[in-house]
Structures are given as structure tokens and as C-alpha cells.
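Have a look at the structure below, then the notes.
The values are calculated or read from the model by the stated rules, or taken from the named source; none is laboratory data. The shown structure was predicted, so the numbers you read here are calculated from the model rather than taken from an experiment. Positions of Cβ are generated from backbone atoms using ideal geometry, with glycine treated the same way; all protein chains shown enter the neighbour counts.
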Amino acid sequence: MKPQSMLFTIYGEYVRHYGSEIWIGSLTKLLGEFGLSEPAVRAAISRMLRQGWLVSRKVGNRSYYSMSERGKKRLEEAAARIYKVDTDSWDGKWCIVSYNIPEERRALRDQLRQELGWMGFGMLTTSTWISPNDLGQRVKELTESYGIADHVEIFYAEHLGWSDPRQLVKKCWNIEEINEKYKSFIDTYRDKYEELASKLRQNKDVPDSYCFVEKTVLVHEYRKFLFIDPDLPLDLLPELWLGKEADQLFQNYYQLLNPGAVRFFESAYEVAPS
């Protein structure tokens, strides 16, 4: 697991619920549970600072780090999708984003594509992306922040022809591949969940450090689906869709691990001075 990705998970799962700021010594102790050295943690923090995800504060000889506004927004978006509730039925409309960004701004164009994929858009053509979810406001905010509003058009409209909705889905997303990844997740974590549930029923001791590591890895692995699962409404999913089963397994295992994981985090966390 990459240190930077693990830091996102630590901040999203723990730090943002404890004032959003943490001492680097606490981070080093927590990430040490995953075999990460202090230099590796410091290097990852430096990268996140340069990329604008973190901000730092010095108190005496101690350094404290918190998520930037950009980072907080990303964590909130991720949490909303990981711990989602069932959405309303689909209204039959598509959010469409079309862009024509000059070659000299290619880096921004590539970044826009990456962000659209993160939001759950699928590529219909090279410069046209679609989603069955109403994400227009988020795209407007994104394009304004990148300074490319003059090169982007956003629509929320009905599709009149010719592919039916499920055909459009197949053109834009590899649903079979996503389903296979969900199956792999279920195969990996079903036995772990049942084993832990059995231990707890028998009142066997389960170390808090184990719960912390296992829960953090669980969230880290499940978070990967944010990059590949477009969060399609039920009307557009195949009959055999494993996403629902995987989500239920995730929620059940998470609830078993959470109390011990939080206790371990609190044992390493020190309240930042005001």
C-alpha cells in the first residue's frame, strides 16, 4: 500500500473526526503498524503538502498537519459515496459534459478526465462524458476552479436515440470487470468477517491494534471502488450485480472492527494545542 494513499484513509477515517489535525509523531506511530518507516511517512506528507492536500502548523518543535479545504472536500465526497444510502429511482436523464480544451492546456485536460472518472462519469466519446446522476453543480465548481469554463459545456437531458440505457452503460463502463472486482472483494473478506464475528460471540480477546489495521485496510481496499464504480441507479444495473452484497459485507465487517480501531487510534492521537 502506498503511504500517500494510506494517509488519505487515516485522515478520512479518523483524523477528520478529531479536529482534523494531527501531530506527525502520532501519524508515524499509526502508520508504523503497516510497516511504514518514519522517512516514508515524512516523504508522503511532503508530497501531499506540495500537491495542496495538506497544510502544516508548527507548535514549538512539533509539526501538526491537517487537510486543506481541497482535501476536506475530497474526503467528504468519498465518505458520502462509501457510506451511501439508497438513492431515489432514476429520472431517466443524463448529465453530459463536453469539452474542447486546447492542446497547450493538455495537463488540465488530463486532470479534468481524471476528476470526471472519480465522480463516476463514463467516456462516451473522447471529449464527451456522461453520468445518470445529476453532477452538474460539482462539474461547474470543478471547471471554474481549473479556469477552463470557457472550454466546457454541461447538460442534464433526456437521451432520444438510439442505444437503450443499458447499451449506453456498456459503451461507457466495463460493468463485468467491476462485478469481478466486487466478487474478489467478497471472496477476500467474507471469511475474515465470519471468523471475527465468531470470536466476538465467544468473547475471545481481539487486540485493538488488529482492529485498527484490519479496519483501515478494509476501508483502503473498498475505497478503490470509488475510482471504478460509477454508482449507477438500480434501473441500469445487471440482474446479477454484486455491488450490493459487497457493500453489505463491508458495512457489517466495519461495524465489528470499528470500536477497537477507534480505541487504538485514540491511544496514539494527541490533541493539538489551540
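The table that follows gives values for the structure above.
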quantity	calculated
Residue ranges of strands (runs of 3 or more DSSP E) in region 1-114 with at least 3 members modelled with pLDDT of 95 or more	93-99
Filtered residue count, region 181-200, keeping only those that are of a type in the set (Ser, Thr, Tyr), surrounded by 15 or more Cβ atoms within 10 Å (Cβ to Cβ) and in contact with an Asp or Glu (Cβ under 9 Å, 6 or more places away or on another chain)	2
Residue satisfying all of: in region 219-231; touching a Ser or Thr at 6+ places or on another chain (Cβ under 9 Å) and part of a loop (DSSP other than H, G, I, E, B); surrounded by the most Cβ atoms within 10 Å (Cβ to Cβ) among these	230
Residue tally, condition surrounded by 12 or more Cβ atoms within 10 Å (Cβ to Cβ), of a type in the set (Lys, Arg) and within 16 Å of residue 70 (Cβ to Cβ), over region 38-52	1
Any chance residue 271 is in contact (Cβ under 8 Å) with a residue 24 or more places away in the chain, surrounded by 15 or more Cβ atoms within 10 Å (Cβ to Cβ) and either farther than 26 Å from residue 25 by Cβ or among the β-branched types (Val, Ile, Thr) (or both)	no
Scan of region 201-214 for residues that are surrounded by 13 or more Cβ atoms within 10 Å (Cβ to Cβ) and in a helix (DSSP H, G or I), ordered by number	208, 209, 210, 211, 212, 213, 214
Failed item in (1) touching a residue at least 60 places away in the same chain (Cβ under 8 Å); (2) surrounded by fewer than 14 Cβ atoms within 10 Å (Cβ to Cβ), with residue 9 passing the rest	(2)
Pairs where the first residue, in region 131-154, is not assigned by TED's automatic domain parsing to the domain that holds residue 109 and the second is basic (Lys, Arg) and surrounded by 12 or more Cβ atoms within 10 Å (Cβ to Cβ), C-beta under 6 Å, 6+ apart	none
Test: residue in region 165-187 that is within 27 Å of residue 250 (Cβ to Cβ), hydroxyl-bearing (Ser, Thr, Tyr), without any contact (Cβ under 8 Å) to a residue 24 or more places away in the chain and assigned to a helix (DSSP H, G or I)	yes
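For (1) out of contact with any Leu (no Cβ under 9 Å at 6 or more places or on another chain); (2) in the same structural domain as residue 18 (by TED's automatic domain parsing); (3) small (Gly, Ala, Ser); (4) in contact (Cβ under 8 Å) with a residue 60 or more places away in the chain, each residue gets a yes or a no:
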{"residue": "197", "(1), (2), (3), (4)": "no, no, yes, no"}
{"residue": "202", "(1), (2), (3), (4)": "yes, no, no, no"}
{"residue": "226", "(1), (2), (3), (4)": "yes, no, no, yes"}
{"residue": "239", "(1), (2), (3), (4)": "yes, no, no, no"}
{"residue": "263", "(1), (2), (3), (4)": "yes, no, no, no"}
